[in-house]
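Q: Structure in structure tokens, see below.
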Amino acid sequence: MLSCRRSLLSQTIKRKTKNKPKNKTKVKTHKKVSRTRDYIPKNMHLEDNEEEVGFNLKSSAPSRSHGVQPLGNLYFNPGAINSRNIGLGTLQILSDELVLEILGLLEGTQLGVLATVSKSFYVFTSHEPLWRNLVLDNLKGRFFYNRSWKVTYISTFHPSFDVSRSARSSGLRVRDFYSDYLFQSWLCANLEMKPEWLERDNIIRKRGISVDDFLTNFEEPNKPVLLEGCMDNWDALGKWDRDYLVNLCGDALFAVGPVKMRLDDYFSYADQVKEERPLYLFDPKFAEKIPTLGSEYDVPVYFREDLFSVLGNRRPDYRWIIIGPAGSGSSFHIDPNSTSAWNAVIRGSKKWILFPPDVVPPGVHPSPDGAEVACPVSIIEWFMNFYDATKDWKKRPIECICKAGEVIFVPNGWWHLVINLEESVAITQNYVSRRNLLNVLDFLKKPNASKLVSGTTDRINLYENFKNAIEASFPGTIDGLRLKAKQKKMSFWDSVTDSKVGAFKFSF
Ligand SMILES: O=C(O)CCC(=O)C(=O)O
């Protein structure tokens, strides 16, 4: 389970023109999100007559939703009274988050009625994630995205309503409305990736290495590597553009967050989306639905040992097609069931940040049993508030941009975050080889396996089933690997202890 929240700090943002923000041309889980108050970047203060400094907005960014300002601005505006509070009446003591939680219990018509109560309710009821939830809950994937979630909802359920009026009024400005929460939501949806977030590239890149070289230098020591040239023979690389995929996939439905969508509907949404956490297409059954997709790529030679295959069709999900617009991506997580993975970019490019298993990324708070992770609401928010912190860390993350034609190896247990820098299409597979077989078995055997194991409906029996199937297919392998691991551990202790006196050896 992944839960997300805002960091607790409020500062202000600066802008210098009275006009619209001066834009410069130029982020496997969808869980319920809860936020605390917002974090606004340091040393920034935003006023209506100032131009933004220190960050760039996307060229497509709409002006600030309803003129909402960060809370810090209230203190720079002597005499101003927060119209948020006036319009909420006695509900003003509730946090923005709580107000939105409550509004999330209402239907579209009720939100529409509430919007007429006060300017404050108008702003709150216009919050796009409320309408997104309504569309997804009510229509599942059978919606045709139309400019915004609110307009999509209204044009579907109230077709006689003039949505162009609603679309125009999305720019309606409310004076003196201060809310860090709503401001940051707009900011994160419209912020460009800063060049300094993309600069660092410290992953080892290899082209044409032998399988032995990969096993010895990367898989055995559990180190990431970016592999170039190992998917050059894939048909997918030349063929998988939008038109080809849409024609090939026709009416097939793909898993997109909590719903299922046709590919052409998803692309139409992706073309218009301006939100903090765009819906991400992440489908584990793509090759069963459209066998051609499965036949137009090959598992790179380094990853051919795939021990979960002994389970046949009882194996956990292991391969996904991933499609998403710029800004979509995967927030910090460790891959399921202690597996390792490879991820091959077919179109577009992805920024990767990886931390080794013993380093929890800043802003990420796993529960002690590892079953839940609390992290910032969005990937862009992580960059805004936590990326800089990694600069001073002794163990700095591995970073890279993985481009079309490149494959990254993600060793088991590594935390990773990925953001698409442009519309991207990728294939990823998670696998178990004999190098990580014991890790996987130990993971599946944990007492809270029913919470930890994923990608299968049979979480509790996966350990027994997998172990028995391995023993039947590769007799003696598990015992052999355990013996080897024990010998390795003993030879390590022999090297650091004095076996005669049972004490540590010191050398100066
Ligand atoms: O968004 C992506 O491409 C990364 C996917 C990923 O991290 C994963 O499959 O574990």
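The values are calculated or read from the model by the stated rules, or taken from the named source; none is laboratory data. The shown structure was predicted, so the numbers you read here are calculated from the model rather than taken from an experiment. Ideal geometry is used to build each Cβ from the backbone, glycine not excepted, and the neighbour counts take in all protein chains shown.
Q: Output the number of residues of the stretch 275-312 satisfying the condition of being assigned to a helix (DSSP H, G or I) and surrounded by fewer than 16 Cβ atoms within 10 Å (Cβ to Cβ). Reasoning before the result, please.
A: The initial filter retains those residues of the stretch 275-312 that are assigned to a helix (DSSP H, G or I), namely 286-289, 291-295, 301-303, 307-312.
Remaining after also requiring surrounded by fewer than 16 Cβ atoms within 10 Å (Cβ to Cβ): 288-289, 291-292, 294-295, 301, 309, 312.
The qualifying residues number 9.
Yes/no matrix, rows are residues, columns are (1) in a loop (DSSP other than H, G, I, E, B); (2) within 28 Å of the chain's Cα centre (by Cα); (3) surrounded by 17 or more Cβ atoms within 10 Å (Cβ to Cβ); (4) modelled with pLDDT under 95:
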residue	(1), (2), (3), (4)
VAL407	no, yes, yes, no
ASN412	yes, yes, yes, no
VAL418	no, yes, yes, no
ALA426	no, yes, yes, no
GLN429	no, yes, yes, no
LYS446	yes, yes, no, yes
SER454	yes, yes, no, yes
ARG459	yes, yes, yes, yes
GLU471	no, no, no, no
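Q: Which of the following residues is of a type in the set (A, V, I, L, M, F, W, C) and either closer than 18 Å to LEU421 by Cα or touching a Pro at 6+ places or on another chain (Cβ under 9 Å) (or both): MET261, MET231?
A: On the way: MET261 fails: either closer than 18 Å to LEU421 by Cα or touching a Pro at 6+ places or on another chain (Cβ under 9 Å) (or both).
Result of the check over MET261, MET231: MET231.
Q: Name the single residue, out of those in the stretch 389-430 being of a type in the set (Val, Ile, Thr) and within 17 Å of PRO357 (Cβ to Cβ), that is farthest from the ligand (Cβ to nearest atom).
A: Applying the first criterion (of a type in the set (Val, Ile, Thr)) to the stretch 389-430 yields 390, 398, 401, 407-408, 410, 418-419, 425, 427-428.
Of the ones still in play, those that are also within 17 Å of PRO357 (Cβ to Cβ) are 390, 398, 408, 410.
Values: THR390: 18, ILE398: 14, ILE408: 9, VAL410: 7 Å.
Ranking the qualifying residues of the stretch 389-430, first place goes to THR390.
Q: Taking the stated definitions as given, is GLY229 assigned by TED's automatic domain parsing to the domain that holds ASP271, touching a strand residue (DSSP E or B) at 6+ places or on another chain (Cβ under 8 Å), within 30 Å of ARG304 (Cα to Cα) and of a type in the set (Gly, Ala, Ser)? Can you show your working first?
A: Numbers: assigned by TED's automatic domain parsing to the domain that holds ASP271: yes; touching a strand residue (DSSP E or B) at 6+ places or on another chain (Cβ under 8 Å): yes; within 30 Å of ARG304 (Cα to Cα): yes; of a type in the set (Gly, Ala, Ser): yes.
Spelling it out, GLY229 is indeed assigned by TED's automatic domain parsing to the domain that holds ASP271, touching a strand residue (DSSP E or B) at 6+ places or on another chain (Cβ under 8 Å), within 30 Å of ARG304 (Cα to Cα) and of a type in the set (Gly, Ala, Ser).
Q: Continuing with the same structure: In this structure, is ARG435 at pLDDT below 85, in contact with a helix residue (DSSP H, G or I) (Cβ under 7 Å, 6 or more places away or on another chain) and either within 30 Å of PHE267 (Cβ to Cβ) or surrounded by 12 or more Cβ atoms within 10 Å (Cβ to Cβ) (or both)?
A: Details: at pLDDT below 85: no; in contact with a helix residue (DSSP H, G or I) (Cβ under 7 Å, 6 or more places away or on another chain): yes; either within 30 Å of PHE267 (Cβ to Cβ) or surrounded by 12 or more Cβ atoms within 10 Å (Cβ to Cβ) (or both): yes.
No; evaluated as a whole, the condition is false for this residue.
Q: With respect to PRO376, is the statement that it is in the same structural domain as SER450 (by TED's automatic domain parsing), at pLDDT below 95, on the phi < 0 side of the Ramachandran plot and in contact with a helix residue (DSSP H, G or I) (Cβ under 6 Å, 6 or more places away or on another chain) true? Working first, answer last.
A: On the way: in the same structural domain as SER450 (by TED's automatic domain parsing): yes; at pLDDT below 95: yes; on the phi < 0 side of the Ramachandran plot: yes; in contact with a helix residue (DSSP H, G or I) (Cβ under 6 Å, 6 or more places away or on another chain): yes.
Here the answer is yes, as PRO376 does meet what is asked.
Q: Going through the stretch 327-348 one residue at a time, which ones are outside any strand (DSSP E or B) and near the ligand (Cβ under 9 Å from one of its atoms)?
A: Selection gives SER328, ILE334, ASP335, PRO336.
Q: Being crowded, with 21+ Cβ neighbours inside 10 Å and away from the ligand (no atom under 12 Å from the Cβ) is the filter here, so list the residues in the stretch 313-324 that pass it.
A: Scanning the stretch 313-324 gives a single hit, PRO316.
Q: Does ASN217 count as surrounded by 16 or more Cβ atoms within 10 Å (Cβ to Cβ) and assigned by TED's automatic domain parsing to the domain that holds PRO356?
A: Values: surrounded by 16 or more Cβ atoms within 10 Å (Cβ to Cβ): no; assigned by TED's automatic domain parsing to the domain that holds PRO356: yes.
Spelling it out, it is not the case that ASN217 is surrounded by 16 or more Cβ atoms within 10 Å (Cβ to Cβ) and assigned by TED's automatic domain parsing to the domain that holds PRO356.
Q: Out of ARG396, ARG459, I need the residue that is closer than 30 Å to CYS188 by Cβ and not assigned by TED's automatic domain parsing to the domain that holds SER185. Which one?
A: Details: ARG459 fails: closer than 30 Å to CYS188 by Cβ.
Residue meeting the stated conditions: ARG396.
Q: Has the stretch 377-384 got any residue that is within 26 Å of LYS206 (Cα to Cα) and among the β-branched types (Val, Ile, Thr)?
A: First, pick out the residues of the stretch 377-384 that are within 26 Å of LYS206 (Cα to Cα): none.
For the stretch 377-384, residues within 26 Å of LYS206 (Cα to Cα) and among the β-branched types (Val, Ile, Thr): absent.
Q: Further, regarding this structure: Here are some conditions: (1) closer than 29 Å to LYS58 by Cα; (2) in the same structural domain as LYS350 (by TED's automatic domain parsing); (3) of a type outside the set (D, E, K, R). TYR181 meets all but one. Which one does it not meet?
A: That leaves (2) as the condition not met.
Q: Yes or no: VAL310 more than 14 Å from the ligand (Cβ to nearest atom) and under 30 Å from VAL377 (Cβ atoms)? Steps first, answer last, please.
A: Working: more than 14 Å from the ligand (Cβ to nearest atom): yes; under 30 Å from VAL377 (Cβ atoms): no.
When the stated conditions are applied, VAL310 does not pass them.
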